[in-house]
Amino acid sequence: MDWTAPNRLRIDGDALVANWRTLARMSGRAACGAAVKANGYGLGAREVATRLVGAGCRDLFVATWGEARALGDVGPATVSVLHGVRDEDAPLVGLPAVRPVLNTVEQVRRWQAMGGGLCDVMVDTGMNRLGLSVDDVAGGALKGLLIETLMSHLACADEDHPLNARQLAAFAGLAGRTSARRLSLANSAGIALGADYAFDLTRPGLALYGGIPRAELADMIRPVVGIEAQILQRRTVRAGETVGYNATWTAEQDTEVATINLGYADGYWRGFSDCGTARGPGDEVLPVIGRVSMDLVAVDVSSIPSIAEGAWISLADTLPAASVASGMSQYELLTGLGQRFDRLWT
Ligand SMILES: *Cc1c(COP(=O)(O)O)cnc(C)c1O
């Protein structure tokens, strides 16, 4: 048998596709794309893209040209590179079905100097992150460009914030002012803000992978990722003894403790210290106790007398619950998942 990685990610391909279909339905007449940057939010961009393109997704978003290359053949879909184009990207320009999202006047000039061709453009409508200004657009900065999608990005879509409506109005004011065939504003949370935000194309990421950025999505989005780790050692900790670095946890009574092979180097963050939750094979609740170490964490297995070295347990918090417990965003929890996992798709 081949050597396998010590830990497992169970990734539910049906749930991924179901989430995309849900978001596509919520997008109304707009097409629904998929953000697969950062290696598909940690799950594996190629596997994600293959499934979503198979389901009908035609617009993929990555951050860099390297990520576009790593996607490989995406069949009938196209890939938009959100960071635009740098001089250093020139060797990859021309990859089939890949185009930049131009963010600055300088990137527009560079793209035209490289020969131009179909591109997307990001306009900043109030986030002050990436994008040309509305004034740049009004001043003719996009003249002569062949634009597929004109897009902007919402700063506060996961909250009820007055900036949402201001960005919507600023973006809607650009309709018909450029050569763009399509307009696109909404990420996952933006889709839940309502039909006005959908325009021609939506760009969900987080919610595809089981993240819940707004309460409206809570009952509609299915969990996609589960973490499994293995017990390396089991011991009895006597009342009054402590567990782990800095002795933050003290046994009030004799306690059965399992040390499992998962830690913050795997993306199981220190914020889960003394508050994370694991589950045994029979779905028993196993509290995480003590500090999360780099590669190890302890759980209280007193409720499962029979559990032994080598047994698999799952870290079963949903993404929203894990975010509350750890103080990390749902985005960080996904993209932090490291290299010590076999990514097992079902
Ligand atoms: C990452 C990203 C998205 C996806 O956002 P989610 O909040 O993960 O849905 C959409 N558009 C842009 C420009 C992005 O950078």
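The values are calculated or read from the model by the stated rules, or taken from the named source; none is laboratory data. Since the structure is predicted, the reported quantities are computational estimates derived from the model, not experimental observations. Cβ placement follows ideal geometry from the backbone for every residue including glycine, while neighbour counts extend to all protein chains displayed. The accessibility values were calculated without ligands, DNA or RNA, using every heavy atom of the protein model including side chains. Shrake-Rupley method; radii C 1.70, N 1.55, O 1.52, S 1.80 Å.
Brief remarks on what is shown
- Region 210-303: GluC sites (Glu not before Pro) in DSSP coil with no more than 10 other Cβ atoms inside 10 Å: Glu252
- Ordering Trp249, Val224, Pro320 by the projection of their Cα atoms onto the charge dipole of the chain, which places +1 on the Cβ of Lys and Arg and -1 on the Cβ of Asp and Glu, puts Val224 at the extreme positive end.
- Per residue solvent-accessible surface (Å²) - the chain, probe of 1.4 Å: 45
- Against the rule of thumb 2.2 N^0.38 Å, how large the Cα Rg of region 73-120 comes out: 1.08
- Using Cβ point charges alone (K and R +1, D and E -1), the dipole size of region 185-326 about the Cα centre works out to roughly 220 debye.
- On the chain, 50 percent of the accessible area sits on carbon and sulfur atoms, based on a 1.4 Å probe.
- The chain, helix-only ellipticity at 222 nm - DSSP H runs n ≥ 4, -39,500 (n - 2.57), divided by all residues, nearest 500: -6000 deg cm²/dmol
- Within-14-Å neighbourhood charge of Thr178 [Cβ basis; K, R +1; D, E -1]: -1
- For the chain, the spread of Cα positions along the three principal axes, ordered from largest to smallest, is 74, 47, 35 Å.
- Proximity of backbone amide H atoms, modeled 1.01 Å from N, is registered between Leu201 and Ala31, Leu183, Leu185 at under 5 Å, excluding neighbours fewer than 5 places apart on the same chain.
- Radius 12 Å from Cβ of Asn164, net charge of other residues (Lys, Arg +1; Asp, Glu -1): -2
- Both the radius of gyration and Dmax for region 25-107 are 12.8, 39 Å, in that order, over alpha-carbon atoms.
- Environment charge at Val85 (Cβ cut-off 13 Å; Lys +1, Arg +1, Asp -1, Glu -1): -1
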